[in-house]
Structures are given as C-alpha cells and as structure tokens.
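The values are calculated or read from the model by the stated rules, or taken from the named source; none is laboratory data. Because the structure is a prediction, the values reported are computed rather than measured. Cβ: placed from backbone, ideal geometry, glycine included. Neighbour counts: every protein chain shown.
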Amino acid sequence: MNKIPHRNIPFGSIQFNPFLLAVVLVTTLLFSFSNLEADTTDSTAGFEFRTDRPFMQNIPAVSLNEADLALLSSGKSVTRLLDSPGGFKACYMRIFLPFDPPTIWHIVTDIHHFSMVSPQYPKNGSLTDKRQTFMPYVFDSSACENNRYLYQLIVMPLIAPRQFTLKRSTNQIAFPWESKWSQEPEMRCQDKLNPQMEKYRTEAIITERNEGSWRLSPLSREFIKSKADLLKTDCIYYVDSNPGGNLSSLMAIINKVTEIALPVLAENLTFHAKRWDEHMREYHTSHQYEEWKAQVGAYRSGRGYTP
C-alpha cells in the first residue's frame with residue numbers, strides 16, 4: 001500500500017520568487033472578499049510550504065493503492081468512509097483539480113454567495129431543480145456576523161432534513177491552506193433564511209456534531225508530469241458529523257448517499273471553477289476581481305509557470 005503524505009513538498013528546484021511573494025503579502029489579499037478576516041488564523045496568503053505547523057483539523061492518514069493513485073492522476077476523486085467515534089462515518093475525499101489553489105480557495109470560502117441558486121449546475125445532489133452553489137443537498141444557506149457563521153439546511157432522500165450553524169476558521173499563511181468549521185451550539189443567521197424552505201426547516205433535526213475542513217496544496221513533486229500539473233490543486237475535503245435522530249436502521253442509506261455526494265461535490269466544484277472568472281465579474285467589485293487575478297498571477301510566476 002502506498003501512502004501519500006498530506007503535507008506536500010515544493011516541486012523540484014522550483015522556488016517561489018521572493019519579490020512576488022512580497023507583493024502578495026503587502027497587498028494582504030484575504031482568504032475571501034467578504035471581510036472574513038475576523039475569523040482567520042492568518043489572513044495573508046503565503047505560497048511557501050511549512051510542514052512543521054499544526055493543522056486545525058485532524059484528518060486521519062489514508063493509504064492509497066495503485067488504483068487510487070491512477071484515479072488521482074486522471075483527475076478523478078478518491079473517496080472513503082472512515083470510522084468515527086459514535087459509530088458513524090467520517091467522509092473523506094481527495095482530488096487533483098485542474099485549477100490553481102487561489103481560485104479553489106476563493107470558491108470554497110466565498111460563503112457570502114453560498115445562498116445563490118444556479119440552475120445551470122448539473123442535475124445531481126438535490127431533490128429539486130434548484131442548486132445552492134456547489135454543495136450537494138444544501139437547500140438553504142446563509143452567512144452572518146461578519147461571515148464568521150454559516151447556517152445550512154440539508155435535505156436528503158428518505159430521512160428528515162438536517163440543519164446546523166457552523167463557525168469557521170482558516171489558516172492560509174503557508175501550504176497546505178486550511179479552511180475549518182465546527183458546529184455552534186446555538187442556531188445563528190436566522191434572519192437571512194429563504195422563506196420558501198420553511199416547510200423543510202419545520203421538519204429538520206439539528207445535527208449533534210459537524211466538523212471538518214478543506215485542505216489545499218499544489219501537487220507534490222511525484223505527480224508533476226507536465227507544465228499543466230504546476231497549476232493543479234491537491235484538494236482534500238473531510239467532514240466528521242453525527243446527524244442526530246434515530247438512524248440505526250438507515251445507516252446503509254446514509255453511507256450510500258455519502259458515497260454519491262462526494263463525487264458530486266467534486267463535479268460541482270469543477271463546474272463552478274470553470275465559471276469563476278464570470279462569477280467574479282458579475283458578483284464582486286472590479287477591485288476584488290483585480291486582487292484575485294493578481295494573486296493567481298503571482299502564484300503562477302512563483303511556480304515557474306509560463307503560458
């Protein structure tokens with residue numbers, strides 16, 4: 001069995017240009033465009049690797065076989081249901097996305113726009129024709145209190161809806177970048193909810209536990225086979241939750257839904273990333289758009305990438 005470490009190393013002898021890194025640090029490009037710095041561990045974006053720093057989220061090491069490695073190299077996701085305290089399963093996904101880490105980071109932390117409905121999304125991960133950004137089964141989503149908190153309503157087949165409020169924290173000072181969440185004991189962001197979803201909320205159970213993280217890095221050296229690989233993102237998604245309620249007879253269904261939902265999440269994230277430039281132009285200011293483009297440009301130059 002081969003084990004790929006989650007803490008990546010720089011590609012070969014390619015070093016990030018100190019001047020370009022200084023430009024990024026001076027401009028203080030935050031991890032999102034919605035004043036989320038109040039909830040950050042480190043708000044500036046760093047492109048160097050620091051394998052000595054502790055992670056906020058403990059993600060178990062996952063051993064991968066040759067078939068798994070082939071899936072990653074081909075752009076497919078590798079998913080696992082991992083054992084978790086309480087008899088439930090933690091969800092793990094890893095995928096090499098054909099987009100740079102700054103772009104993926106802005107997508108997964110753009111919680112201010114998680115409530116947007118996009119009918120263009122692939123018809124998956126939902127019981128309706130409406131899609132809530134790229135998150136499967138999310139029927140309602142709202143951010144509040146300077147975007148430190150995120151409320152979500154989950155509707156899945158054959159079980160009662162679930163709802164929760166998450167508190168978020170991040171560390172983007174060095175790779176791997178990490179965006180972590182944990183469940184709050186009280187519901188928040190209730191003044192921003194979609195009234196059309198009230199029929200689901202009246203039946204919803206508050207989850208007992210919900211914590212996890214996104215972890216983003218450039219591809220490590222052994223996976224760099226072409227120039228295009230320099231811009232890909234090694235993306236790990238992990239969530240450990242206790243959905244609450246009496247699910248003893250429905251765990252097989254929950255596990256199956258999870259196995260479906262993780263690949264759907266990767267598919268929808270790719271769909272969103274392809275349209276991120278358009279999204280930025282339409283829903284963010286021109287200054288925010290130029291900041292994002294500048295960070296992408298600095299990252300590309302630091303990786304030694306030339307078109």
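Here are the numbers for the structure shown:
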| quantity | calculated |
| --- | --- |
| Positions within region 82-108 being touching a strand residue (DSSP E or B) at 6+ places or on another chain (Cβ under 7 Å), at pLDDT 95 or above, under 12 Å from residue 266 (Cα atoms) and not in a strand (DSSP E or B), in sequence order | 104 |
| In region 42-80, the residues that are among the hydroxyl-bearing types (Ser, Thr, Tyr), surrounded by 14 or more Cβ atoms within 10 Å (Cβ to Cβ) and modelled with pLDDT under 90 | 43, 44 |
| Test: residue in region 189-208 that is assigned to a strand (DSSP E or B) and touching a strand residue (DSSP E or B) at 6+ places or on another chain (Cβ under 7 Å) | yes |
| Failed criterion for residue 170 (all others in (1) under 27 Å from residue 53 (Cα atoms); (2) assigned to a loop (DSSP other than H, G, I, E, B) hold) | (2) |
| Members of region 77-93 found to be touching a residue at least 60 places away in the same chain (Cβ under 8 Å) and within 14 Å of residue 234 (Cβ to Cβ), listed by number | 77, 92, 93 |
| Test: residue in region 213-225 that is in contact with a strand residue (DSSP E or B) (Cβ under 6 Å, 6 or more places away or on another chain) and among the charged types (D, E, K, R) | yes |
| Check on residue 227, among the basic types (Lys, Arg) and at pLDDT 90 or above | yes |
| Complete set of residues in region 222-238 that are surrounded by fewer than 18 Cβ atoms within 10 Å (Cβ to Cβ), part of a loop (DSSP other than H, G, I, E, B) and of a type outside the set (Ser, Thr, Tyr) | 224, 225 |
| First in region 198-221 and closer than 27 Å to residue 266 by Cβ, second anywhere and among the β-branched types (Val, Ile, Thr) and part of a helix (DSSP H, G or I), Cβ under 7 Å, 6 or more apart | 214/108; 216/104 |
